[in-house]
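See structure below.
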Amino acid sequence: LGDNGAGKSTLIKIIAGYYHHDEGHIFFDGKEVNFNTPRDSHNAGIEVVYQDLALVGLMPVWRNFFLGREVCKKVGPLKILNKHEMRNVSRQGLRGLGIEIPSVDQAVAFLSGGQRQTVAVGRGVHFGAKLLILDEPTAAVSVRETEAILSLIERVSEKGISVVLVAHNIYHVYRVATRFVVLDHGEKVADVSKDEVTPEDLIKIIAPPLN
């Protein structure tokens with residue numbers, strides 16, 4: 001949590017291997033790590049779902065599900081996309097998380113914002129995420145879709161996957177979180193468990209009342 005400019009997005013990109021930290025240490029799975037590239041972060045089991053979702057609108061759901069990780073089969077000396085397997089796996093992976101998509105053959109551009117978000121989350125879970133970082137997952141979606149996304153986050157957490165949720169809406173975060181970390185200008189100003197604070201307390205930490 002944190003106001004604009006608090007350092008939330010920068011921290012995400014450091015964990016994802018896009019930026020290098022100039023102070024402090026990163027520990028993951030009990031070990032100190034340094035992610036020099038996004039591939040290092042992926043290989044460690046960290047998946048990040050950014051606000052832009054990294055989805056290609058003109059491609060169907062199944063292509064986006066395997067984007068950059070396409071499954072191929074050999075036909076003589078050639079390798080071609082194994083469309084049948086990718087369709088089936090993406091369909092099963094989404095259903096396994098309770099994600100309802102009209103068809104995995106549907107272009108992502110025709111999905112709602114909430115449906116796109118769930119596809120991106122489902123993709124991260126399928127590829128073995130130990131830590132899933134979600135950047136503003138409930139921004140610009142309807143009330144009904146917000147409920148679906150928060151329920152999905154709860155189901156992901158129940159699978160034993162750690163979730164870091166970056167959001168402006170404290171009430172959304174409060175429902176699904178167990179711990180809250182507040183940043184201000186790149187510094188941690190609060191690190192509290194749910195039973196220690198109310199949403200109103202968090203609001204006061206982020207934006208202290210003027211004297």
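The values are calculated or read from the model by the stated rules, or taken from the named source; none is laboratory data. This is a predicted model, so every value here is computed, not measured. Ideal geometry is used to build each Cβ from the backbone, glycine not excepted, and the neighbour counts take in all protein chains shown.
Results, tabulated for the structure shown:
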quantity: Any hit, the range 32-49, residues being farther than 21 Å from residue 123 by Cα, of a type in the set (D, E, K, R) and either touching a residue at least 60 places away in the same chain (Cβ under 8 Å) or touching an Asp or Glu at 6+ places or on another chain (Cβ under 7 Å) (or both); calculated: no
quantity: Filtered residue count, the range 1-55, keeping only those that are small (Gly, Ala, Ser) and within 25 Å of residue 207 (Cβ to Cβ); calculated: 5
quantity: Residue among 83, 74 that is over 17 Å from residue 111 (Cα atoms), surrounded by 13 or more Cβ atoms within 10 Å (Cβ to Cβ) and not small (Gly, Ala, Ser); calculated: 83
quantity: Candidates 2, 57, 17 - the one that is assigned to a loop (DSSP other than H, G, I, E, B), touching a residue at least 12 places away in the same chain (Cβ under 8 Å) and loosely packed, with under 15 Cβ neighbours inside 10 Å; calculated: 57
quantity: Residue that is nearest to residue 28 (Cα to Cα), among those in the range 145-184 that are of a type in the set (Lys, Arg) and modelled with pLDDT under 95; calculated: 159
quantity: Leading residue by the ranking (nearest to residue 50 (Cα to Cα)) among those in the range 111-148 that are among the β-branched types (Val, Ile, Thr) and out of contact with any Gly (no Cβ under 6 Å at 6 or more places or on another chain); calculated: 133
quantity: Filter result (out of contact with any strand residue (DSSP E or B) (no Cβ under 9 Å at 6 or more places or on another chain), more than 23 Å from residue 136 (Cα to Cα) and assigned to a helix (DSSP H, G or I)) within the range 60-83; calculated: 62, 83
quantity: Checklist (1) hydroxyl-bearing (Ser, Thr, Tyr); (2) loosely packed, with under 15 Cβ neighbours inside 10 Å; (3) at pLDDT 90 or above; (4) more than 30 Å from residue 23 (Cα to Cα) applied to residue 142, failing item; calculated: (3)
quantity: The range 27-54: number of residues that are exposed (fewer than 14 other Cβ atoms within 10 Å of the Cβ) and outside any loop (DSSP other than H, G, I, E, B); calculated: 5
quantity: Count of residues meeting criterion [loosely packed, with under 13 Cβ neighbours inside 10 Å and at negative phi] in the range 96-109; calculated: 4
quantity: Every residue from the range 101-114 that is of a type in the set (A, V, I, L, M), under 18 Å from the mean Cα position of the chain (by Cα) and either farther than 21 Å from residue 140 by Cβ or modelled with pLDDT under 90 (or both); calculated: none
quantity: Count of the range 191-204 residues which are of a type in the set (A, V, I, L, M) and free of Cβ contacts under 8 Å to residues at least 24 places away in the same chain; calculated: 2
quantity: Some residue of the range 115-131 being in a loop (DSSP other than H, G, I, E, B), modelled with pLDDT of 90 or more, buried (at least 20 other Cβ atoms within 10 Å of the Cβ) and not small (Gly, Ala, Ser); calculated: no
quantity: Residue among 57, 98, 93 that is at pLDDT below 95, under 19 Å from residue 120 (Cα atoms) and in contact with a His (Cβ under 8 Å, 6 or more places away or on another chain); calculated: 93
